[in-house]
Amino acid sequence: MLGDISSVEHIYIACGHTDMRKSIDGLCCLVQQKFKMDPFDKSLFLFSGRKHDRLKALLFEGDGFVLLYKRLENGKFQ
């Protein structure tokens with residue numbers, strides 16, 4: 001599960017779609033190159049798939065990254 005997000009200073013949502021095959025390293029590169037931001041910042045980054053039925057959340061917690069993946073089923077995130 002996603003850790004404690006009370007220390008998160010900003011939440012960023014990537015517009016458009018993201019290739020959901022990307023791992024932590026791939027998403028960090030997107031944050032650095034596309035958004036010109038530091039993925040090690042106290043920010044939560046959210047990415048959506050092409051059909052907007054999948055969601056990835058990326059957060060650096062100080063000792064490592066947390067990557068959460070959720071899929072929409074029957075109109076709800078389970």
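A few notes on this one:
- Among the residues of the stretch 55-68, the ones that are under 15 Å from CYS28 (Cα atoms) and touching a strand residue (DSSP E or B) at 6+ places or on another chain (Cβ under 9 Å) come to 9 in all.
- Residue count for the stretch 13-45, restricted to those that are more than 11 Å from LEU59 (Cβ to Cβ) and aromatic (Phe, Trp, Tyr): 1.
- Hits in the stretch 52-71 - residues which are in a strand (DSSP E or B) and either out of contact with any Gly (no Cβ under 9 Å at 6 or more places or on another chain) or charged (D, E, K, R) (or both): ARG54, LYS56, ALA57, LEU58, PHE60, PHE65, LEU67, LEU68, TYR69, LYS70, ARG71
- Checking each residue in the stretch 14-40 for being surrounded by 11 or more Cβ atoms within 10 Å (Cβ to Cβ) and hydrophobic (A, V, I, L, M, F, W, C) picks out ALA14, MET20, ILE24, LEU27, CYS28, CYS29, LEU30, VAL31, PHE35, MET37, PHE40.
- Near pairs, Cβ below 6 angstrom, 6+ apart or cross-chain, from the stretch 15-43 (over 21 Å from ARG54 (Cα atoms)) to any residue that is part of a helix (DSSP H, G or I): MET37/VAL31
Residue-by-condition table, conditions (1) out of contact with any Ser or Thr (no Cβ under 9 Å at 6 or more places or on another chain); (2) among the hydroxyl-bearing types (Ser, Thr, Tyr):
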site	(1), (2)
ILE5	yes, no
TYR12	no, yes
ASP19	yes, no
ILE24	yes, no
MET37	no, no
SER43	yes, yes
LEU46	yes, no
ASP53	yes, no
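- Residue count for the stretch 41-57, restricted to those that are farther than 13 Å from TYR69 by Cβ and open to solvent by 30 Å² or more (accessible area, probe 1.4 Å): 5
- Filter result (over 24 Å from LEU72 (Cα atoms) and either of a type in the set (D, E, K, R) or touching a helix residue (DSSP H, G or I) at 6+ places or on another chain (Cβ under 6 Å) (or both)) within the stretch 32-61: LYS34, LYS36, MET37, ASP38, PRO39, ASP41, LYS42, GLU61
The values are calculated or read from the model by the stated rules, or taken from the named source; none is laboratory data. These numbers were taken from a predicted model, which means no experiment stands behind them. For neighbour counting, all protein chains shown are included, and Cβ atoms are generated from backbone atoms with ideal geometry for every residue, glycine included. Surface accessibility is based on the protein's heavy atoms, side chains included, excluding ligands, DNA and RNA. Shrake-Rupley method; radii C 1.70, N 1.55, O 1.52, S 1.80 Å.
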